[in-house]
Amino acid sequence: MNRRDWLSRALATAGVLTLAACQRAEQAGQRLLVSAEELTRRAQRLIIPREALAPEYDISEISDDFRANGSINPAAADYVALRDAGFADYRLEIGGLVERPLSLSLAELRARPSRTQITKHDCVEGWTSIGQWSGAKLADLLDEAGLKPEAKYIVFYCFDALTQTETGPRYYESIDLIDAYHPQTILAYDMNGETLPVPHGAPLRLRVERQLGYKHAKYIRRIEAVESFDHIAGGKGGYWPDRGYEWYAGI
Amino acid sequence: MTEFAAEASPVTPGRSPVRHADRPLPGGRTDTYRHPPLVRISHWLNVIAVVVLIMSGLNILAAHPQLYWGLRSTFDDPWVAFGTIPNWVMLPQGRNLAEARHWHFFFAWVFVINGLIYLAYGFVTRRFGRRLWPTGADLKGFWPSVKEHARFHFPKDDEARTYNVIQKLTYVTMILVVLPMMLITGLSMSPGFNAIGGILLDLMGGRQSARTLHFISAALIVGFIVIHVGLVIWTGLYNNMRAMITGWFVIEPSTRKDEGGAS
């Protein structure tokens, strides 16, 4: 091996090592950046009391152009069938780590304790709309089902696929028990005093008022109490979190 | 001047030389110790944080480049709507709201923690009052100083030891008003924080006003950076950079300027 060969091999080795080091540094950098999310969540949990309410607004402040974002008309066959029948056959399933799984019709949901609130909806993109929401209090439903002690998160499985296809990944979201038991956390069936319209998530959408818009899952099909979401879809606890967005969307 | 006297006090016997003393240089120039380490470190950390915050903030703005006043968005009637935001000003390159938010909030923490340490240091050591808070005499000299600056005449000699009234007012406004405004308006946009900071949100005039004020404060910071960097270059890039890196700043004697003018 002459000197030139040796030099070129040494350079190649150094190049490969540098590339590997860069890749590792990039991964470490990414982890460091994302670590701020955990810091933000802990800081907010520390300073914001569990029951502190999101601001509520006057009826005169309701948006007349509340934007419908994400899916606005799910194409999935099971949803289309329910919608065409006026959601008469719809049943909300509550299962997972619960003592007594529930299956409730919309009429049964409406018969349960409800809450009405006029709140702002802050989209992660930056816009805000204000609407009035009425729905069943999630805390009461979870108590009725009886959470097992291992349950840590509540997962909401939805009918819609943002790809607007039958096989596309369906929307889902999850919240922890602090938000699940928050007094303003409801499964809304009415918006602005009328039955929840399809573009806004009929027949049922989550309202979790201390979080950004994408946490407010629309077109809810099933609710599950889980210990972790490692085994669900991308493992990050939601459709958008699986695609790089923060799971904790309080800021 | 009183501060100068204190900082240039003679070396205490039995101790290593005080770093704050002046060092005479040839030609009547004086090397003076201007910025302590904490000020220098926090300055450069702030540079990194603010640049990343502005660039990632522009990427976040690109997700909905319309601004509104009031509680909510009136989609048909924004007070300003931006066109396409060019890639080179955005972090990361190319529109990526998810990653831009990761950058933004990580460096928001850096900005806030660094700022709090700097403010605590400035107040505890009283450096803030000595160096930055304008005195009555400073304020009386405001208009003459503006006229001098307009003619690009900058202080020399002992006058260059302290910040002039324009610098003091600008720095105090940035440090105590504009930079904290970024934090306050930023927090006002957090739906989580709104649950305890509802009063703050009302003060801002609602969520969309807070977003608009966040943007206006950012624009003021960009304006400050442009003028600040411009003046740093104009008044001696090497000397100013050296001062902000090593702490030492060279003061030119006023006679030199006169000689230069006569030749």
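The values are calculated or read from the model by the stated rules, or taken from the named source; none is laboratory data. If you're wondering where the values come from, they're calculated on a predicted model, not measured in any experiment. Here Cβ is always computed from backbone atoms with ideal geometry, including for glycine, and neighbour counts include all displayed protein chains. Please note that ligands, DNA and RNA were not included when accessible areas were found on the heavy atoms of the full protein model with its side chains. Shrake-Rupley method; radii C 1.70, N 1.55, O 1.52, S 1.80 Å.
Screening the range B:165-263 for helices (runs of 4 or more DSSP H) wholly inside it with 1 or more residues that are more than 14 Å from every other protein chain (Cβ to nearest Cβ) and touching a residue at least 12 places away in the same chain (Cβ under 8 Å) returns the ranges B:165-173, B:179-188, B:207-234, B:237-246, B:254-262.
Answer with yes or no whether residue B:123 is of a type in the set (Phe, Trp, Tyr), open to solvent by less than 50 Å² (accessible area, probe 1.4 Å) and in a helix (DSSP H, G or I). Before the answer, list the steps.
Working: of a type in the set (Phe, Trp, Tyr): yes; open to solvent by less than 50 Å² (accessible area, probe 1.4 Å): no; in a helix (DSSP H, G or I): yes.
The answer is no for residue B:123.
Looking at B:84, B:74, just one residue is out of contact with any Asp or Glu (no Cβ under 9 Å at 6 or more places or on another chain), open to solvent by 20 Å² or more (accessible area, probe 1.4 Å), in a loop (DSSP other than H, G, I, E, B) and of a type in the set (Ser, Thr, Tyr), and that residue is B:84.
When you check residue B:168 against the structure, is it basic (Lys, Arg), touching a Pro at 6+ places or on another chain (Cβ under 6 Å) and within 30 Å of residue B:32 (Cβ to Cβ), yes or no? Yes: the conditions hold for residue B:168. For residues that are more than 23 Å from residue B:62 (Cβ to Cβ) and buried (at least 20 other Cβ atoms within 10 Å of the Cβ), scanning just the range B:200-251, find the one that is farthest from the chain's Cα centre (by Cα). Of everything passing the filter in the range B:200-251, B:201 is farthest from the chain's Cα centre (by Cα). The residues listed here are A:80, A:34, A:16; of these, the one that is at pLDDT 95 or above and farther than 30 Å from residue B:202 by Cβ is A:80. Every condition in (1) modelled with pLDDT of 95 or more; (2) farther than 30 Å from residue A:60 by Cβ; (3) open to solvent by less than 60 Å² (accessible area, probe 1.4 Å) is met by residue B:31 except one, and the failing one is (1).
Within the range B:101-110, identify whether any single residue is open to solvent by less than 50 Å² (accessible area, probe 1.4 Å), in a loop (DSSP other than H, G, I, E, B) and touching a Phe, Trp or Tyr at 6+ places or on another chain (Cβ under 9 Å), and answer yes or no.
First pass over the range B:101-110, keeping only residues open to solvent by less than 50 Å² (accessible area, probe 1.4 Å): B:101-102, B:104-108, B:110.
From what is left, the residues that are in a loop (DSSP other than H, G, I, E, B) are none.
No - not one qualifying residue is present in the range B:101-110.
For the range A:159-180, how many residues meet the condition of being in a strand (DSSP E or B) and touching a helix residue (DSSP H, G or I) at 6+ places or on another chain (Cβ under 8 Å)?
Within the range A:159-180, residues that are in a strand (DSSP E or B) and touching a helix residue (DSSP H, G or I) at 6+ places or on another chain (Cβ under 8 Å) number 4.
Do you know which residues across the range A:113-141 are more than 14 Å from chain B (Cβ to nearest Cβ), modelled with pLDDT of 95 or more and open to solvent by 10 Å² or more (accessible area, probe 1.4 Å)?
From the range A:113-141, those more than 14 Å from chain B (Cβ to nearest Cβ) are A:113-116, A:133-141; that's our starting set.
Next, only the ones that are modelled with pLDDT of 95 or more stay: A:114-116, A:133-141.
Listed by number, the residues that qualify are A:114, A:115, A:116, A:134, A:137, A:139, A:140.
In the range A:203-237, what residues are on the phi > 0 side of the Ramachandran plot and within 10 Å of the chain's Cα centre (by Cα)?
Within the range A:203-237, the first condition is being on the phi > 0 side of the Ramachandran plot, and the residues that meet it are A:219, A:233, A:235, A:237.
A:237 - this is the single residue of the range A:203-237 that is on the phi > 0 side of the Ramachandran plot and within 10 Å of the chain's Cα centre (by Cα).
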